[in-house]
Amino acid sequence: LLFASYEELLFNGNCVTCHKIDKSISAPSIKKIQKRYKEAFSDKDDFIDYMTKWVLKPNRKKSIMIDAIAEYELMPELGYQEDVLRQIASYIYETDFNKQR
């Protein structure tokens, strides 16, 4: 029996509506986001800090994915709590989405 972590539940309950694992439909796929953020922030704490702050208050000028904004528009401000976003960002950093079931 496999059990989802709390972070995985947060991610699946909030993010995958727009950010599919493999497909970019209404927003970039989570694989593309993870790759771009890891290229920019190899340190986990930096990755989490930047992603958390950006999702709290999406800002075109501070985006590291200008191409995605051009294609899908700027992500709306969704009103998540910072601690929840930190847990989701940590999950995104840690997860090998190629092994997702």
Seminar exercise, completed: CD proxy, 222 nm, the chain: helix-only mean residue ellipticity via -39,500 (n - 2.57) per DSSP H run with n ≥ 4, per residue, nearest 500, stands at -15500 deg cm²/dmol
Exercise. Roughly how big is the chain's charge dipole about its Cα centre, with Cβ charges of +1 (Lys, Arg) and -1 (Asp, Glu), in debye to the nearest 20?
Worked result: 300
Problem set entry | Among Ser26, Ser63, Pro76 the positive-end extreme of the charge dipole of the stretch 19-82 (Cβ point charges) | Ser26
For this session: Express in nm, to one decimal, how much length is gained between Glu39 and Glu77 on full extension, taking 0.36 nm for each residue of separation and deducting their alpha carbon distance.
Result: 11.3 nm
Seminar exercise, completed: Lys and Arg at +1, Asp and Glu at -1: neighbours of Leu10 with Cβ under 15 Å from its Cβ sum to -4
For this session: May I have the extent of the alpha carbons of the stretch 17-101 along their three principal axes, as whole Å values ordered from largest to smallest?
Result: 30, 27, 23
Seminar exercise, completed: Full extension between Lys53 and Tyr6 adds, at 0.36 nm per residue less the Cα distance, a length in nm of 14.9 nm
Exercise. What is the distance in Å between the Cα centres of the stretch 1-29 and the stretch 70-87?
Worked result: 13
Seminar exercise, completed: Net charge (Lys, Arg +1; Asp, Glu -1) of residues whose beta-carbon lies under 14 Å from that of Glu73, Glu73 excluded, is -2
For this session: Would you kindly compute the Cα radius of gyration of the stretch 52-92 and its largest Cα-Cα separation (Dmax), both in Å?
Result: 10.7, 29
Problem set entry | Folded to 0 to 90 degrees: helix 44-56 orientation relative to the chain principal axis, Cα | 60
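Here, each number is a calculation from the coordinates, and none is a lab measurement. Because the structure is a prediction, the values reported are computed rather than measured. Cβ: placed from backbone, ideal geometry, glycine included. Neighbour counts: every protein chain shown.
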